[in-house]
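Values quoted throughout were computed directly from the atomic coordinates according to the rules given, and no laboratory measurement underlies them. Keep in mind it's a predicted model, so treat the numbers as computed, not measured. Reconstructed Cβ throughout: ideal geometry from the backbone, glycine too, with neighbour counts over all protein chains shown.
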Amino acid sequence: MFSRHGAPVSIGQYLTLELQARQQTLSQLSETLACPEEHLRQVLDGTEPLTAALALKIERCWGVCMKLLLDLQQEHQQWVASTYQMPGGDTSPEVG
């Protein structure tokens, strides 16, 4: 079985790498996608989630499958949730 070390790449990290590889600025992508630059910045920073609608726009612009983008986001969110440590050392959140 494959074992990974460390956190999976976040959607913000992935999109930042894509921007760099394509030599494109956030402003240029914002204009191409007809999406506010501030919103894209928040997605890259991880303060806002990538929506299906935005993932579809990125797919149409770059040819990167929206399912891949959304799966990357979900995998990272699951990793964050599973490694979150509650105060006092308990790692399981209360269900209530």
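Some notes on this structure:
- Extending 7 Å from the Cα toward the beta-carbon at both His39 and Thr83 defines two label points whose distance is 3.0 nm.
- Inter-label distance, Ala52 to Glu18: 1.8 nm, where each label sits 7 Å from its Cα along the C-beta direction.
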